[in-house]
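The values are calculated or read from the model by the stated rules, or taken from the named source; none is laboratory data. Since we're looking at a predicted model, the values are computed, not measured. Note: ideal-geometry Cβ built from the backbone for every residue, glycine included; neighbour counts use all protein chains shown.
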Amino acid sequence: MEDAVLIIGAGIAGINAALNAADYGFKVYLLDDTPSIGGVMARLDKTFPTNDCSICIEAPKMYEVDNHPNIEILSNTEVRKIKKGKDGFKVRLVKKARFVDEEKCTGCGACVEACPVSVLDELDGKVGGKRKLIHLPFPQAVPNVVVLDPDCRYGRMREQGACVGGCVVDCSQCRECPIALCVKACEKEGKDAVRLWQSNKNINLEVKSIIVASGLMPSEPPTGLFGYNEYDNVITNMHFERLMNAGGPTGGEIIRPSDGRHPKKIAWIQCANRGLAKGHLPYCSKVCCMVANKQTIIAKEHDPEVEAIVFNMDLTAYGKNFWEFYQKAREQGVRYIRARPFAVMEDPQAKNLIVSYEDRDTGHLMEEEVELLVLSVGLIPTDRNSKLAKALKLKLDKFGFFREKDPLISPLETEMEGIYVCGGALGPIDISESVVQACAASMKAVQRVGQASQ
């Protein structure tokens, strides 16, 4: 049994847990089921309450992980089965084919340029973001290796113009593709890294302890909520985050999806999908208030003439300097209106949104016409949690987050000895708290490895 730690989830919590455990001299396997480590933080623009560049903070840590002698990154890899033994765990993993040789690919982008088909990006599609069928997840991706869309490899994008999928010989039987433009472009660069015949690979590991850092994901509002998916200029706070980001689909320009104009009046609706009805969240996600606060400040930094309005019933400012951060927004002219809008209509000509609400301070029915409407939606557990819980034989709470053995007596521990949880795996949390929990969970994991080795 190897003196090793397996970390499931390579967002900011998983990355910090990996670095902390590896610095103590233990072998660390850092696993993520996406093609790159980094998680949600890698796609954000700034972090609150300091408004520091998000990727500027995380990218050096991603680079350190990639170059740490004790850390092995297992990207695009899923947990299939875990069996507890006397001293640790036997783990069966499946490394999904990315149809690219990770050792040969340098991320030069020649194959991306050659690809003839662009599709809507999963995260940025609402605000105009597109990607090629073969693409790099984001500019600072680690590993710096492209990935080919399985729909392209298996011929399901042929009608959209994909060059792969029309051959009568299956790729697994042919090693000299005369059709795929990405293959030709890569060969022209002298790399020969695109591998259309690549298949999934089973990996067996033996580790002493496991840390679950599966993270969070933004929820998707139901169609029709405040005009979402009905009106072009109604977006979520994550979409707005991508508009602000220099690495996003608009290069950092805050524009309206409908016409590409810079909006001069923007409104945020807090707790947009919070409630008890189907499709709504019954809990507070903790970070949404400060995310909106950050976005109003940055929007006004982009254009001081922007009028920013926040509709909210409550304010969650629980962390260090959060209240001062809120006061900073108000000092810069951000209007906070204590109200929950009850209707949103669109002006069909201007594509502006008319927001109807009751002002709770005055009791008057009011309307505001805005050019862009942002819905602050809550955070939910990742869709990998149910599979992970089954494989790990752990329990989830009614919302889908992992349960601790005892939050007071045994924080970050689970009912299964040797398995620990941290960050968004436990519930909505901000970046700084995730890092603290990651360090604590890694210390518990390292301590167990050390005891088992004695």
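How about the range 275-325: which of its residues are surrounded by fewer than 19 Cβ atoms within 10 Å (Cβ to Cβ), under 23 Å from ALA343 (Cα atoms) and touching a helix residue (DSSP H, G or I) at 6+ places or on another chain (Cβ under 6 Å)?
Selection gives LEU315 alone.
If only one of LYS84, LYS95 is more than 28 Å from ILE431 (Cβ to Cβ), surrounded by fewer than 21 Cβ atoms within 10 Å (Cβ to Cβ) and modelled with pLDDT under 95, which one is it?
Numbers: LYS95 fails: modelled with pLDDT under 95.
One residue alone meets the criteria, LYS84.
From (1) touching a strand residue (DSSP E or B) at 6+ places or on another chain (Cβ under 8 Å); (2) in the same structural domain as LEU225 (by TED's automatic domain parsing); (3) within 20 Å of LEU225 (Cβ to Cβ), pick out the condition that doesn't hold for GLY333.
All conditions pass for GLY333, except number (3).
Among the residues of the range 34-46, what is the count of those that are surrounded by fewer than 21 Cβ atoms within 10 Å (Cβ to Cβ), within 15 Å of PHE240 (Cβ to Cβ) and not charged (D, E, K, R)?
Final tally of qualifying residues: 1.
Assuming LEU123 fulfils every condition listed in (1) in a loop (DSSP other than H, G, I, E, B); (2) modelled with pLDDT under 90; (3) farther than 30 Å from ILE8 by Cα apart from one, which condition is it?
(3)
Restricting the range 121-141 to residues that are under 19 Å from LEU375 (Cβ atoms) and hydrophobic (A, V, I, L, M, F, W, C), which is surrounded by the fewest Cβ atoms within 10 Å (Cβ to Cβ)?
LEU123
Return the pair list, or none, for Cβ contacts closer than 8 Å from residues in the range 50-67 that are modelled with pLDDT under 95 to residues that are part of a helix (DSSP H, G or I) and aromatic (Phe, Trp, Tyr), at least 6 apart or on different chains.
none
Taking the range 329-353 as the region of interest, how many residues are within 23 Å of VAL377 (Cα to Cα) and surrounded by 13 or more Cβ atoms within 10 Å (Cβ to Cβ)?
Residues of the range 329-353 within 23 Å of VAL377 (Cα to Cα): 329-330, 334-346, 351-353.
Then drop every residue that is not surrounded by 13 or more Cβ atoms within 10 Å (Cβ to Cβ), which leaves 329-330, 334-341, 344-346, 351-353.
Residues that pass the stated criteria total 16.
Quick one: VAL436 ticks every box in (1) surrounded by fewer than 17 Cβ atoms within 10 Å (Cβ to Cβ); (2) under 20 Å from ALA42 (Cβ atoms); (3) touching a residue at least 24 places away in the same chain (Cβ under 8 Å) bar one, so which box is it?
(3)
In the range 323-364, how many are in contact (Cβ under 8 Å) with a residue 60 or more places away in the chain and in a loop (DSSP other than H, G, I, E, B)? Give the steps one after another, and end with the answer.
Kept after step one, since they are in contact (Cβ under 8 Å) with a residue 60 or more places away in the chain, are these residues of the range 323-364: 324-325, 340-341, 344-346, 351-353, 355.
Next, only the ones that are in a loop (DSSP other than H, G, I, E, B) stay: 340-341, 351-352.
Count: 4.
Return yes or no: is GLU367 touching a strand residue (DSSP E or B) at 6+ places or on another chain (Cβ under 8 Å), outside any loop (DSSP other than H, G, I, E, B) and not hydrophobic (A, V, I, L, M, F, W, C)?
Working: touching a strand residue (DSSP E or B) at 6+ places or on another chain (Cβ under 8 Å): yes; outside any loop (DSSP other than H, G, I, E, B): yes; not hydrophobic (A, V, I, L, M, F, W, C): yes.
Spelling it out, GLU367 is indeed touching a strand residue (DSSP E or B) at 6+ places or on another chain (Cβ under 8 Å), outside any loop (DSSP other than H, G, I, E, B) and not hydrophobic (A, V, I, L, M, F, W, C).
Condition check: farther than 18 Å from MET244 by Cβ and either surrounded by fewer than 24 Cβ atoms within 10 Å (Cβ to Cβ) or assigned by TED's automatic domain parsing to the domain that holds THR77 (or both). Does ALA18 satisfy that? Even if it seems obvious, please write down each step before you answer.
Numbers: farther than 18 Å from MET244 by Cβ: yes; either surrounded by fewer than 24 Cβ atoms within 10 Å (Cβ to Cβ) or assigned by TED's automatic domain parsing to the domain that holds THR77 (or both): yes.
The answer is yes for ALA18.
Out of all the residues in the range 132-175, which are without any contact (Cβ under 8 Å) to a residue 40 or more places away in the chain and among the β-branched types (Val, Ile, Thr)?
VAL164, VAL168, VAL169
All but one of (1) surrounded by 20 or more Cβ atoms within 10 Å (Cβ to Cβ); (2) without any contact (Cβ under 8 Å) to a residue 40 or more places away in the chain hold for SER118, so report the exception by its number.
(1)
Please go through the range 178-224 and give me each residue that is surrounded by 19 or more Cβ atoms within 10 Å (Cβ to Cβ), under 30 Å from VAL446 (Cα atoms) and basic (Lys, Arg), ordered by number.
Scanning the range 178-224 gives a single hit, LYS208.
Give the number of residues within the range 383-421 that are crowded, with 21+ Cβ neighbours inside 10 Å, in a helix (DSSP H, G or I) and not aliphatic (A, V, I, L, M).
1
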